[in-house]
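The values are calculated or read from the model by the stated rules, or taken from the named source; none is laboratory data. Keep in mind it's a predicted model, so treat the numbers as computed, not measured. In this analysis, Cβ positions are derived from the backbone assuming ideal geometry, glycine residues included, and neighbour counts consider all displayed protein chains.
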Amino acid sequence: EGTLSSTDEGTPQGGIISPLLANIALHGMEETIKDYVENLSLKETKVKGRRERRKSVSLIRYADDFVIMHKSKEVVEKCREVIITWLKGIGLELKPSKTRLIHVNEGFDFLGFNIRQYQTGKNQSKQGFKTLIKPSKKKVKEHREQLTEVIDSYIAAPQAALISKLKPIIQGWCNYNRSVVSKKTFSGLDHLLWNKLQRWGYRRHPRKSKTWVNKKYWGTKTEKPKNPWEAPKVDNWTFMTKEGTYLPKHVKTEIIRHTKVKGTSSPYDGNLIYWNTRMSNHPETSKQKVKLLKRQQGKCTHCGLTFKDGDLLEKHHIIPRAQGGNDQLNNLELLHLHCHDAKHRTKIATKRQESSNDPSELDNNPF
């Protein structure tokens, strides 16, 4: 109707729509900074040519968190003033407590990662330094505390319940940090976890020997090698039940380096081949999903539309497991989450219709 209805309260902080609103409000920030630096002089930027000056500054933003990077401290300070003025125009301001100017040699935290330059010899790097991105100490500490809290609170719970609780926490944290330099961090977390779980077992059975406790809660797990000529990897210290339910280790997570989005590419630019390839290479896309994406040519079998970056995908069993179907590739198809829900709703409605039309399904008892 075109009627505006004002609200008494704003959007809750941390709400599901907050990142979207931040992206809408702050759209254009990067271009503003690049336009400004492009028009600075050679003396101010130490960079020749307008195009090179434009490329010399980087603004990396995720929702309302952003970093401005340039080799000149003076240019960064000027960019900060430009941002302050630009934000005033849309009724926003920088928070002094969360704004700081720092050299990359000291390092800084951004989105749960620590970005820092480390000095190296000329033989290791032409520039004399190497930039490493690692999980931030703050986030590692939070993860350790979460693991400790779960283990301490599950002292009386069965081993399978503890594994079920810890598994998604470990996998989720590892998947987020698997694209950076995390191997050493993963190894340290596994050492902590091993000590915590050993104490968990000893506390449950104070009258039993350590050997007895270790045999009860720890087992041997053999990993199938990636290549046929490699020997299988044997782990004699896997926290697992007698039925084979085991707790995955942080260090077993494969490190897959993040590939930066090409130029100004967008999921909505129509370059479906590029974005389907990126989706297939995403660390959270399983090998089975990659095969299904390739077989279906990147399209949903229910609606026929091409999958886009950010779409929620689910595997659907063509023959349901309840009817004897299996998890083999030929019995699976990849659907949008909403298409998967719609497909199941249709099946339920069809079954109900068939039941109502079948006289044998009617209850002979009128009461």
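Within the stretch 90-146, the residues that satisfy the criterion of being more than 24 Å from TRP173 (Cβ to Cβ) and of a type in the set (S, T, N, Q) are SER97, THR99, ASN105, GLN117, GLN119, THR120, ASN123, GLN124, SER125, GLN127.
Candidates PRO158, PRO248, PRO206, PRO168: the one that is under 28 Å from LYS287 (Cα atoms), without any contact (Cβ under 8 Å) to a residue 24 or more places away in the chain and not assigned by TED's automatic domain parsing to the domain that holds SER286 is PRO168.
Considering only residues in the stretch 283-316 that are surrounded by fewer than 14 Cβ atoms within 10 Å (Cβ to Cβ) and part of a loop (DSSP other than H, G, I, E, B), the one that is modelled with the highest pLDDT turns out to be CYS303.
Yes or no, residue by residue, for (1) over 19 Å from HIS70 (Cα atoms); (2) assigned by TED's automatic domain parsing to the domain that holds CYS79; (3) part of a strand (DSSP E or B); (4) at pLDDT below 90:
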| residue | (1), (2), (3), (4) |
| --- | --- |
| SER97 | yes, yes, no, yes |
| ARG116 | no, no, yes, no |
| GLY121 | yes, no, no, yes |
| GLN124 | yes, no, no, yes |
| LYS130 | no, no, yes, yes |
| ARG144 | yes, no, no, no |
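Looking at the stretch 40-50, which of the residues that are in contact (Cβ under 8 Å) with a residue 12 or more places away in the chain and surrounded by fewer than 18 Cβ atoms within 10 Å (Cβ to Cβ) is nearest to THR264 (Cα to Cα)?
ARG50
Residue count for the stretch 145-179 under the criterion of being in contact with a Phe, Trp or Tyr (Cβ under 6 Å, 6 or more places away or on another chain) and either over 21 Å from ASP235 (Cα atoms) or among the aromatic types (Phe, Trp, Tyr) (or both): the result is 1.
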